[in-house]
Amino acid sequence: MDMFKKAKSKLAAVPTVNLCFLPTPFEKMQNLSELFKGINLFFKRDDQTGLAMGGNKARKLEFIMPDVLRQQAKSIITWGGFHSNWCRQVAAAAKKYHIKPILLLLKKPGSRNVFNGNYLLSSLMAADIRIVEVDKDQKLMELKGVKQIIDPVFHEEENQGNKPYIASIGGSLLEGSMKRPWGAIGYVNAFFELLQQAAAQQVTIDVVVVATGSAGTHAGLLAGAKLFSPGTKVVGISVSEDKNTLDRYIKNIADEIFVELEIDLKTCAQDIIVFDEYIKEGYGVLNKEVADSIRLVAEREGVLLDPVYTGKAMVGLVDLVKKGYFKDRENVVFFHTGGTPSLFPYGSELAGFRQN
Ligand SMILES: Cc1ncc(COP(=O)(O)O)c(C=O)c1O
């Protein structure tokens with residue numbers, strides 16, 4: 001069996017539950033393509049996956065929830081920033097299966113603790129929300145960095161007879177109760193879905209651009225590209241971690257996907273393209289460039305980006321266009337990974353940038 005067929009049949013055999021509205025739209029951004037002379041820009045609208053207002057975590061959870069059910073967990077313990085998209089979508093998926101979502105929202109000094117955005121939405125779903133004040137340098141990505149916060153909650157659940165499932169932030173790293181790259185496999189599927197949509201429109205995809213946080217989305221898309229369209233580059237714009245850390249995460253997750261699918265393939269250094277210079281003032285900090293990029297896409301295309309992930313990734317894309325990173329007439333797909341509920345807690349800052 002050739003690699004393509006084997007990967008397809010292995011993917012089809014991975015257990016899933018149905019949480020998303022798929023396929024998400026694939027659309028040309030005609031006005032932005034005219035503005036960015038030289039490239040054809042398309043959007044893959046994963047802000048429209050459904051599941052409590054959409055976003056990339058819905059696809060991941062379609063693959064993670066069967067693992068939660070297999071382990072007969074009664075609660076899911078996870079964590080994120082105060083306005084975490086991931087936590088909001090975990091709450092929605094867990095509720096569908098009568099599993100208790102326990103969300104540890106790690107609040108850094110100065111973060112917006114308004115009853116709005118994802119915090120509001122997670123509260124409406126009656127998630128068990130615990131707000132934990134942490135200092136500004138608190139590392140969030142790896143379980144070992146938050147162990148002292150997770151452990152007491154884990155023991156509390158165990159003592160109550162609620163078998164807990166620890167899901168790592170973003171559903172990406174192989175840690176906690178998720179020992180295989182389930183979340184990222186959702187994005188191998190997403191890449192294949194995109195490829196089919198593009199083929200139906202006679203479009204060959206040269207580059208995919210995506211916001212990268214915990215690396216699972218990027219790793220899944222990269223594994224998908226290597227399996228199904230080796231000529232397609234996947235470019236990640238980091239919103240939080242430095243390039244070396246992300247390169248390592250992406251390699252680990254993508255290579256584990258190949259192991260899971262029993263495909264004899266590995267990523268190499270040239271496959272992993274990450275730009276970390278657009279993080280600027282830090283994760284979740286809105287600056288004028290991000291506000292301008294949100295406005296640009298909203299005004300030209302009527303599409304809403306978010307202040308933390310896709311707005312920042314768009315700053316990167318626009319800058320790469322200006323620097324001539326893309327070749328003439330390349331077809332570039334921006335993966336819109338969602339996050340739009342966060343527009344609301346950032347409302348006054350966005351308004352402020354308008355006046356300046
Ligand atoms: C809206 C949005 N875009 C992109 C990402 C990054 O995805 P990943 O964590 O898989 O890198 C996230 C993660 O939280 C997100 O919420």
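Restricting attention to segment 31-51, which residues are more than 16 Å from the ligand (Cβ to nearest atom) and in contact (Cβ under 8 Å) with a residue 40 or more places away in the chain?
Across segment 31-51, the qualifying residues are Asn31, Leu32, Leu35, Phe36, Gly38, Ile39, Asn40, Leu41, Phe42.
Within segment 236-249, does at least one residue satisfy the condition of being without any contact (Cβ under 8 Å) to a residue 60 or more places away in the chain and under 19 Å from Leu195 (Cα atoms)?
Yes, because at least one residue in segment 236-249 is without any contact (Cβ under 8 Å) to a residue 60 or more places away in the chain and under 19 Å from Leu195 (Cα atoms).
Could you go through segment 290-298 and let me know if any residue there is buried (at least 16 other Cβ atoms within 10 Å of the Cβ), of a type outside the set (Lys, Arg) and part of a loop (DSSP other than H, G, I, E, B).
no
Filter segment 152-170 down to residues that are closer than 25 Å to Pro109 by Cα and touching a strand residue (DSSP E or B) at 6+ places or on another chain (Cβ under 9 Å) and give me whichever is surrounded by the most Cβ atoms within 10 Å (Cβ to Cβ).
Filtering first and then ranking leaves Ala167.
Does Ala198 meet the test of being hydrophobic (A, V, I, L, M, F, W, C) and on the phi > 0 side of the Ramachandran plot?
no
For segment 130-141: of the residues being surrounded by 15 or more Cβ atoms within 10 Å (Cβ to Cβ) and under 21 Å from the mean Cα position of the chain (by Cα), which is nearest to Val17 (Cα to Cα)?
Here the residue is Met141.
Given the structure, is Val333 under 28 Å from Cys20 (Cα atoms) and more than 10 Å from the ligand (Cβ to nearest atom)?
Here the answer is yes, as Val333 does meet what is asked.
Look through Ile185, Ile149 and report the one residue that is in contact with a strand residue (DSSP E or B) (Cβ under 7 Å, 6 or more places away or on another chain), among the hydrophobic types (A, V, I, L, M, F, W, C) and either within 30 Å of Val259 (Cβ to Cβ) or not assigned by TED's automatic domain parsing to the domain that holds Glu349 (or both).
Result: Ile149 is the single residue among Ile185, Ile149 that is in contact with a strand residue (DSSP E or B) (Cβ under 7 Å, 6 or more places away or on another chain), among the hydrophobic types (A, V, I, L, M, F, W, C) and either within 30 Å of Val259 (Cβ to Cβ) or not assigned by TED's automatic domain parsing to the domain that holds Glu349 (or both).
Working carefully through the options Asp328, Asp276, Asp306, Asp319, find the one that is closer than 23 Å to Gln30 by Cα, within 16 Å of the ligand (Cβ to nearest atom) and either modelled with pLDDT of 95 or more or not polar (S, T, N, Q) (or both).
Asp306
Which of the residues spanning segment 197-224 are more than 12 Å from Ile257 (Cα to Cα) and without any contact (Cβ under 8 Å) to a residue 40 or more places away in the chain?
Listed by number, the residues that qualify are Ala199, Ala200, Gln202.
Quick check: anything in segment 82-100 surrounded by fewer than 24 Cβ atoms within 10 Å (Cβ to Cβ), of a type in the set (Val, Ile, Thr) and either at pLDDT below 95 or under 29 Å from Gly302 (Cα atoms) (or both)?
Looking through segment 82-100, none of the residues is surrounded by fewer than 24 Cβ atoms within 10 Å (Cβ to Cβ), of a type in the set (Val, Ile, Thr) and either at pLDDT below 95 or under 29 Å from Gly302 (Cα atoms) (or both).
Which condition from (1) within 30 Å of Val132 (Cβ to Cβ); (2) of a type in the set (D, E, K, R); (3) in contact with a helix residue (DSSP H, G or I) (Cβ under 6 Å, 6 or more places away or on another chain) is the one that Arg70 breaks?
With respect to (1) within 30 Å of Val132 (Cβ to Cβ); (2) of a type in the set (D, E, K, R); (3) in contact with a helix residue (DSSP H, G or I) (Cβ under 6 Å, 6 or more places away or on another chain), Arg70 is out only on (3).
Filter the strands (runs of 3 or more DSSP E) completely within segment 58-169 down to those with at least 3 residues that are out of contact with any Lys or Arg (no Cβ under 8 Å at 6 or more places or on another chain).
75-81
Mind checking whether some residue in segment 210-222 is buried (at least 20 other Cβ atoms within 10 Å of the Cβ) and away from the ligand (no atom under 12 Å from the Cβ)?
no
For segment 1-51, how many residues are more than 23 Å from the chain's Cα centre (by Cα) and of a type in the set (Asp, Glu)?
Result for segment 1-51: 2.
Please determine, by comparing only the residues of segment 80-112 that are charged (D, E, K, R) and more than 15 Å from Val134 (Cα to Cα), which one is farthest from the ligand (Cβ to nearest atom).
Selected residue: Lys100.
Taking the options Val17, Val68, name whichever one is of a type in the set (Val, Ile, Thr), away from the ligand (no atom under 16 Å from the Cβ) and not assigned by TED's automatic domain parsing to the domain that holds Arg112.
Only one candidate qualifies: Val17.
The values are calculated or read from the model by the stated rules, or taken from the named source; none is laboratory data. What you see is a predicted model, and the numbers here were worked out from it, not measured in a lab. Virtual Cβ from ideal backbone geometry, glycine too; neighbours counted across all protein chains shown.
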